[in-house]
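Okay, so here's the structure we're looking at.
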Amino acid sequence: MTKYSVEIKLAAVRAYLDGAESYEDIAERYQVSRTPLQEWVAKYQEHGINAFQKGYTNYSFEKEATEEALRAENKRLQMENAYLKKLNALIHDREKLANKTKPK
């Protein structure tokens, strides 16, 4: 995986945000794939220059999960798990019934 300097990332992002060129043109000019370029633009738009600063890895964790949010997520996952278990049992019962009614 190639590492790009902050200067290259900023130059590429600013070139895109100026609106004169497409992702493809900028990616070719800076010798980077389109996907990382799009990610750089998204990070820059959300976090500004801080997204590219060394040691700035906290940008994706800015929204702390509260205990309430974690409880809600846990409850949702429990409900989803129960639903999938019931669905699996219904499918299993249907297959059993189909096997019993098949002529031999």
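The values are calculated or read from the model by the stated rules, or taken from the named source; none is laboratory data. Please read these numbers as outputs of a predicted model, since none were measured by experiment. Ideal geometry is used to build each Cβ from the backbone, glycine not excepted, and the neighbour counts take in all protein chains shown.
Checked against the criterion of being exposed (fewer than 10 other Cβ atoms within 10 Å of the Cβ), at pLDDT below 85 and of a type outside the set (K, R), region 69-79 has no qualifying residue. Contact map, region 22-41: residues that are within 17 Å of V6 (Cα to Cα) paired with residues that are polar (S, T, N, Q) and at pLDDT 90 or above, Cβ distance under 6 Å, separation 6+ or inter-chain. No pairs are found.
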